[in-house]
Amino acid sequence: MTVKAREPFRFRSRVTLPEVTGRKAFTIAELLEGIKRADDAVIYYHTHRFIKQFHHLVPEGANDFAYWVTNTVQADRLGEELTSIDIVRYNSLSDIKDAFVGMIERHLAENPAPQRTVAPGREFHFMRAIRFSLPTACEAVDYPSFEDCLRDVSPSSLYLHVFEARLRPPYGVDDFSHWFRKEFGDEQVGREISRLDPYSYTLEGLRARIIRIIEKRLGEGANA
Amino acid sequence: MPKMEEYSAAAGAAAIEELKVISARLRGKTILNVNSTAVGGGVAEILNRMLPMMTELGIKPRWELIKGGEDFYAVTKKFHNAIHGTRQELTPADFQLYRDTLKSNMATMNLDADIAMIHDPQPAGLIDKKPAGAKWVWRCHIDMSNRQDDVWEFLKGYVSRYDAAVISAPAFSQEMPVKQFQVPPSIDPLADKNKELSDEEVAAIMRRLDIPTDKPLITQVSRFDRLKDPLGVIAAFKLIQPYVTARLLLVGGSADDDPEGSEVLAEARAAAEGNSDIIVLCLPPTSNVEINAIQRASAIIIQKSLKEGFGLTVSEALWKGKPVIAGAVGGIPLQITHKYSGILTRTVEGTAYWMKRLLHEPAYAKRLGENGREHVRENFLLTRHLRDYLLIALYLESGRQDFIHL
């Protein structure tokens, strides 16, 4: 556990600037059309940014689309299905988009009756997220310094490295697992971190969980 | 003015670090703000706090005021009301007066800056004198969702030539050929009305104001205005009185200069008469620490608005970790996610139901308050507001990419 990494882990942070597209939906069909027209920045806003913005909530929401369909349109069945879409298991924003489109199309095909139109003021607003990736002062070269950094970095940084990282190469892999496997050949830590999901923890809970994984590993190393 | 580091306890060290990283890319740039008043009003209040922070971050902020006679302000007041949705009669002479006043301002005002933030309709026409290469942003603080067509069409002629527009909520957006960003307003966690107070300070202020604290307090802080529905709050409280031990407190400003306010205050007092558990209290407009203490001493905060702009008083209450029951209008749903970070209601009966439920389920009420405070920490503090302005500047300076790697 005293081995130093060849490549230090440089923690970064993510901040977003919300852009208003002006596009709105008053019905589920309009929501579907809006999602079909959406680019990556729109899908990111309503899925990843949603989780990050509400990361402290217990229980936590799932994504903007599910929240609106459940709470505003009150289409419970579809809302439940949209909630079940686990966005961190997809490797690209366009795959996430396809999952939403497929699910809503199926719902509309199975429910051809006239749809509910929500009252003005309760419509869905399509937004885009302009993403900024920021360096932080935290840099880790071994297990103890990684743990120190984990205690200091923002929830945004945690989210970026654990969940959003899966959207870029190597696809489907979080940055932490990747680093421990690449630098130390540590499959165990890699496996445990990669199994975490944002729906089971607040980001502070996630921070505590990863610290426990590292501490446990450090303990095993010390006893080895 | 507080120093940047003093915000660390409220906003988090990472938020201050982010501001430093972002501002490093804008170091030495001049950011000009133009509005119509240096004191009074939300815009001046924010700029007075925010500009020293920009200086501390190595940016060169400048602040200019648009100048005009009473007739100009009468016209721009009409613009404001029309954009806000209250029908106004504007004559061609009114529009001409606006053009002429802007022209004389352009002749004397120094508009040199890398980035300019032009606030609200009054100075919007300054775009005619935008320096080459500068980036200009029109910052609209008004709810434009029910705007009057003729006034908007007139303003749109100016606003469409900006590099970007900034609005407070998605519902305020308008069709225009420029990018629109959402930057909600914010509260200052170090201001008198939001700063931390000890239990002793709170108790001393409650004693001084003669507000008993022997029963849980349900409080609404707002001016006596029909759109804040103080009578609806009293009606809701009366519905639950047979089942709960609590006291209702309505706190507002004295309404000497507002005939309708005096009328609503009298109606509230009449509705409360004979009910020893309903207190109607008037405080001077400078009572910021007192309001802070009252909110902290309360078990539940109500903001039962029927119509609202952004309704930032909700964030002020959430910041104190209080469970808030509020009308689902204006910008309030952006601050409260129903049943997660507060309660949204639409009726007297619904408000009564949730008052009773939160009194009877203190653990749930506490969790709503905690979630609400964290939501405000993340989204409605002054530091986030400043960060968003800097991100817009950076976005415009960096070639308008969807993804910017610093």
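The values are calculated or read from the model by the stated rules, or taken from the named source; none is laboratory data. Computed from a predicted structure; not experimentally measured. So basically every Cβ, Gly included, is an ideal-geometry build from the backbone, and we count neighbours across all protein chains shown. Accessible surface areas use protein heavy atoms only, side chains included; no ligands, DNA or RNA. Shrake-Rupley method; radii C 1.70, N 1.55, O 1.52, S 1.80 Å.
List of remarks:
- For region B:20-178: rounded, prolate or oblate by the Cα gyration tensor [a/c cutoff 1.5]: prolate
- Taking every protein chain into account, the 1.4 Å probe leaves residue B:360 with about 110 Å² of accessible area, to the nearest ten.
- Of all the options A:155, A:198, A:170, the one that moves most in a Gaussian network model of chain A with Cα springs shorter than 10 angstrom is A:170.
- On full extension, the segment bounded by residue B:153 and residue B:306 gains 52.2 nm, given 0.36 nm per residue less the C-alpha separation.
- Spin-label model, residue B:48 to residue B:71: label points 7 Å out along the Cα-to-beta-carbon direction sit 3.2 nm apart.
- Summing both sides, the accessible surface hidden between A and B at a 1.4 Å probe radius is close to 3100 Å².
- Screening chain A for DSSP H helices whose Cα atoms reach 24 Å or more along their own axis and whose mean Kyte hydropathy is at least 0.0 gives A:93-110.
- Placing +1 on the Cβ of every Lys and Arg and -1 on the Cβ of every Asp and Glu, with no other charges, gives region B:199-379 a dipole of roughly 700 debye about its Cα centre.
- Pairs from the list A:216/B:339; B:195/B:307; B:77/B:129; B:238/B:307 with a Cα-Cα gap above 31 Å: A:216/B:339.
- Efficiency of FRET between residue B:60 and residue A:191 - r from beta-carbon atoms, R0 56 angstrom, step 0.05: 0.65
- Per-selection Rg to Rh, region B:199-379 - Cα, Kirkwood hydrodynamic radius: 0.93
- Inter-site label distance for residue A:71 and residue A:139 at 7 Å from Cα along Cβ, in nm: 4.2 nm
- Against chain B, whose longest principal axis is taken from its Cα atoms, helix B:348-360 shows a tilt of about 70°.
- Mean projected area in nm² (Cα convex hull; one quarter of hull surface) for region B:286-376: 5.4 nm²
- Mean sequence separation of contacting Cα pairs (under 8 Å, at least six apart), scaled by the length of chain B, corresponds to a relative contact order of 15 percent.
- Rounded if a/c under 1.5, otherwise prolate or oblate - region A:15-128, Cα gyration tensor axes: rounded
- Beta bridge orientation in the protein assembly as shown: antiparallel %, DSSP, nearest 5: 25 percent
- Distance from region B:116-167 to region B:63-99 (C-alpha centre basis), Å: 14 Å
- Hydrodynamic radius by Kirkwood, which averages 1/r over all alpha carbon pairs of chain B, in angstrom: 22.7 Å
- Inter-label distance, nm, simple model (7 Å from Cα along the C-beta direction), residue A:98/residue B:13: 4.4 nm
- The overall shape of region A:157-224, judged from the alpha-carbon gyration tensor, is oblate: a/c is not under 1.5, and a/b is no greater than b/c.
- Solvent-accessible heavy-atom area per residue, rounded to whole Å², over the protein assembly as shown at 1.4 Å: 41 Å²
- Straight-distance candidates among the lysines for linking to residue B:135, with alpha-carbon spacing under 17 Å and chain neighbours fewer than 8 residues away dropped: B:29, B:60, B:179.
- FRET efficiency estimate (nearest 0.05) - Cβ-Cβ, residue B:196 to residue B:235, R0 51 angstrom: 0.90
- According to the Kirkwood relation over distinct C-alpha pairs, the hydrodynamic radius of chain A is 18.9 Å.
- GNM flexibility winner over chain B from B:104, B:160, B:168 (Cα, springs under 10 Å): B:104
- Mean Cα-pair separation over length for region B:199-379, i.e. relative contact order, pairs under 8 Å, 6 or more apart, %: 23 percent
- For region B:364-379, heavy-atom accessible area (probe 1.4 Å) falls by no less than 10 Å² from the chain alone to the full protein assembly at B:367, B:371, B:374, B:375, B:378, B:379.
- With the gyration tensor restricted to C-alpha atoms of the protein assembly as shown, the semi-axes of the equivalent ellipsoid amount to 40, 33, 26 Å, longest first.
- All aspartates and glutamates inside 12 Å of residue B:103 as judged from Cα atoms, apart from same-chain residues fewer than 8 positions distant: B:128
- Share of carbon and sulfur in the accessible heavy-atom surface of the protein assembly as shown [1.4 Å probe, %]: 51 percent
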